[in-house]
1. Report the net charge of residues surrounding ARG213, where surrounding means a beta-carbon distance below 15 angstrom and charges are Lys +1, Arg +1, Asp -1, Glu -1.
2. Using 0.36 nm per residue of separation minus the Cα-Cα distance, give me the extension gain between GLN122 and LEU2 in nm, one decimal.
3. Tell me, what is the per residue accessible area of the chain in Å², probe radius 1.4 Å?
4. Please state the equivalent ellipsoid semi-axes for the chain: what are the square roots of 5 times the Cα gyration tensor eigenvalues, largest first, in whole Å?
5. How big is segment 107-183 along each principal axis, measuring the range of its Cα positions in Å and listing the largest first?
6. Please report, in debye to the nearest 20, how large the charge dipole of the chain is about its Cα centre when each Lys and Arg carries +1 at its beta carbon and each Asp and Glu carries -1 there.
7. In terms of Cα to Cα distance under 18 Å, which aspartates and glutamates are near enough to LYS148, apart from those fewer than 8 places away along the same chain?
8. How many angstrom separate the Cα center of segment 159-202 from the Cα center of segment 1-67?
Amino acid sequence: MLNTLIKELKFSELPYAYDALEPYIDAKTMELHYTKHHRGYYDKLMAAIKGTDLEDQKFGDILGRISKVPAAVRNNGGGFINHDLFWNTMGKNIGSEPSNKPGGEIAKAIDAEFGSFEKFKQEFSNAAATRFGSGWAWLIVAADGNLKVSSTPNQDNPLMDVAETQGTPILGLDVWEHAYYLKYQNRRPDYIENWFNVVNWDEVTKNFKNVKR
Ligand code: MN
């Protein structure tokens with residue numbers, strides 16, 4: 001996705017049905033989130049780059065100087081790539097849900113960096129719960145190759161020059177109210193806890209290996 005010219009970016013299909021993440025994320029929220037919010041970011045990104053010299057650039061190439069492009073490109077482009085990662089790192093009946101945990105290489109890296117999966121989960125959940133207003137919590141691979149937990153406001157992404165903590169995201173959690181309000185109302189911590197049941201650790205592992213390569 002980041003290696004595709006912006007004007008050639010496709011609005012890809014959701015890799016599962018709207019109700020696939022029930023009961024943790026409800027079908028109505030998924031449908032609205034994907035068809036309205038995600039679609040909106042895509043359409044507005046395309047409108048923002050149309051007729052400009054950004055059309056023939058890759059989104060991956062402008063992330064590092066996102067502070068110098070129009071805000072509509074930062075906000076909608078970020079929205080589009082953030083959600084793309086979000087959809088692809090969730091899935092139905094993943095692992096041994098409801099005790100869904102990573103295995104293999106990513107599990108080893110998490111244990112090495114955070115001490116244990118439970119400690120990672122705590123740090124990540126805390127980043128997600130304490131993000132004021134709208135934004136994202138991330139598991140990123142920092143420049144030194146180590147895993148880190150971070151958080152960004154709005155639709156910013158850890159690859160952007162504006163991000164407080166830089167790195168390549170391999171897992172992201174949307175904590176905008178539109179991601180959980182219908183089912184959880186103001187109970188963001190419950191949403192975060194339940195979301196861990198639908199994380200697709202196989203995809204996170206693939207992302208991890210792609211960064212390390
Ligand atoms: Mn969202």
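1. The answer is +2.
2. Net length gain for the segment: 40.2 nm.
3. Solvent-accessible surface per residue comes out at 48 Å².
4. With the √(5λ) rule applied to the chain, the semi-axes are 26, 21, 16 Å.
5. If we take the Cα atoms of segment 107-183, the spans are 36, 29, 16 Å.
6. The dipole of the chain has a size of about 200 debye.
7. GLU105, ASP111, GLU113, GLU118, GLU123, ASP156, ASP161, GLU164, ASP174, GLU203
8. Value for the Cα centre distance between the two parts: 16 Å.
The values are calculated or read from the model by the stated rules, or taken from the named source; none is laboratory data. All values reported here derive from a predicted model rather than from experimental measurement. Quick reminder, even Gly has a Cβ in these numbers, built from the backbone with ideal geometry, and neighbours come from all protein chains shown. Surface areas here come from the heavy atoms of the whole protein model, side chains and all, with no ligands, DNA or RNA. Shrake-Rupley method; radii C 1.70, N 1.55, O 1.52, S 1.80 Å.
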